[in-house]
Structures are given as structure tokens and as C-alpha cells.
Amino acid sequence: MPHEFPVSVYYEDTDMGGIVYHANYLRFIERARSAFVRAQGVDQNALRHRGVVFVVSRIEADFVAPAKFEDALVVRTQIVKQSPVRLVLQQMVFRDDLELFRARVTVVSMDMESGRPLRLPAELRALS
């Protein structure tokens, strides 16, 4: 079942035409990924203090339809594939039932000091 995260479109998110600027979709889905990880019981601050971070290694994105100023959006996030060190997530942005944006995002768990991949936290490995 996908995790849902609400997003309100503010004036600062739009271009001069009142349409959401394309790069801001990445901000929306980043917030949703953080909320998704938190909802799984993972404390990212505690991990960071232990030297573990999540890094986006790949994003494939499709812009389907425009979002506009003052739209109420929902970002749906779900795992589509995982390995011991990597999650592949499908993230979709909707206004009501209309899909506006979709991305396939690969996230890697990494040691901050060495820059090497690490095993995902147990809470995320258990999600298959």
C-alpha cells in the first residue's frame, strides 16, 4: 500500500504562468520520501549521527500534466524493488485522481565517511 504525503502548491513553487516549475517536483518527492522513511520507524537523525545517510543515485521522471498555484497535491510513494543496500521507489504526484508527475527513484544507504554502500536499516529491509 502506498504512503501518501500531502503537498500544497505555493506561489513560490510556480513560474510566471502559475504552473509548478519542473524542478520543484523533485522537492515535493524528496519531502514525501523523508515522510515515508519516518513512517517506517527509521530515525534519519539517529542514522546520520552513526554516519549513515540515504543518497539518491538515480531518478527517472515523467511530467504528465501541470500542477498549478494553490493546487492540493498528494505524493504516493511505494517500494518497487529492494536489495540489501538499495531501494527503488515509485513516486507519483496526483491532484485528485489525475496523475501529474511520476518518478522512479533509486536510493542507496551509504557510510558518510567512506562513501561506500551500507546495508539498509532493518526496518526498511523488512518491507519487501
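The values are calculated or read from the model by the stated rules, or taken from the named source; none is laboratory data. None of these values were measured; they are calculated from a predicted model. All Cβ positions, glycine included, derive from the backbone under ideal geometry; neighbour counts span all protein chains shown. The protein model used for the area step is the full one, side chains on, heavy atoms only, and it has no ligands, DNA or RNA in it. Shrake-Rupley method; radii C 1.70, N 1.55, O 1.52, S 1.80 Å.
Out of all the residues in the range 1-38, which are more than 17 Å from the chain's Cα centre (by Cα) and exposed (fewer than 11 other Cβ atoms within 10 Å of the Cβ)?
Tyr11, Glu12, Met16, Gly17
Would you check which residues across the range 9-48 are among the polar types (S, T, N, Q) and in contact with a Leu (Cβ under 9 Å, 6 or more places away or on another chain) and list them? Working first, answer last.
Of the range 9-48, the ones among the polar types (S, T, N, Q) are 14, 24, 34, 40, 44-45.
Correct list: Gln40 only.
The conditions are (1) part of a strand (DSSP E or B); (2) at pLDDT below 95, and Met16 fails exactly one of them. Which is it?
So Met16 meets the others, but not (1).
Checking His22 against (1) farther than 19 Å from Ala122 by Cβ; (2) touching a residue at least 24 places away in the same chain (Cβ under 8 Å); (3) assigned to a strand (DSSP E or B), which single condition isn't satisfied?
So His22 meets the others, but not (3).
How many residues does the range 104-120 contain that are farther than 13 Å from Ile59 by Cα and surrounded by fewer than 20 Cβ atoms within 10 Å (Cβ to Cβ)? Spell out the reasoning first.
Step one: filter the range 104-120 for residues farther than 13 Å from Ile59 by Cα, giving 109-120.
Still in the running and surrounded by fewer than 20 Cβ atoms within 10 Å (Cβ to Cβ): 110-119.
Matching residues across the range 104-120 total 10.
When only residues in the range 57-84 that are open to solvent by 60 Å² or more (accessible area, probe 1.4 Å) and among the β-branched types (Val, Ile, Thr) count, which is modelled with the lowest pLDDT?
Per the criteria, the residue is Val80.
Is there any pair linking a residue in the range 90-103 that is crowded, with 18+ Cβ neighbours inside 10 Å to one that is of a type in the set (Ser, Thr, Tyr), with Cβ under 7 Å and at least six apart or on different chains, and which?
Gln91/Thr77; Val93/Tyr25; Phe101/Tyr25
What pairs can you find where one residue is in the range 27-45 and more than 14 Å from Val74 (Cβ to Cβ) and touching a residue at least 60 places away in the same chain (Cβ under 8 Å), the other is charged (D, E, K, R) and open to solvent by 20 Å² or more (accessible area, probe 1.4 Å), and their Cβ atoms are less than 8 Å apart, with a gap of 6+ or different chains?
Close Cβ pairs satisfying both conditions: Gln40/Glu123; Gly41/Glu123; Val42/Glu123.
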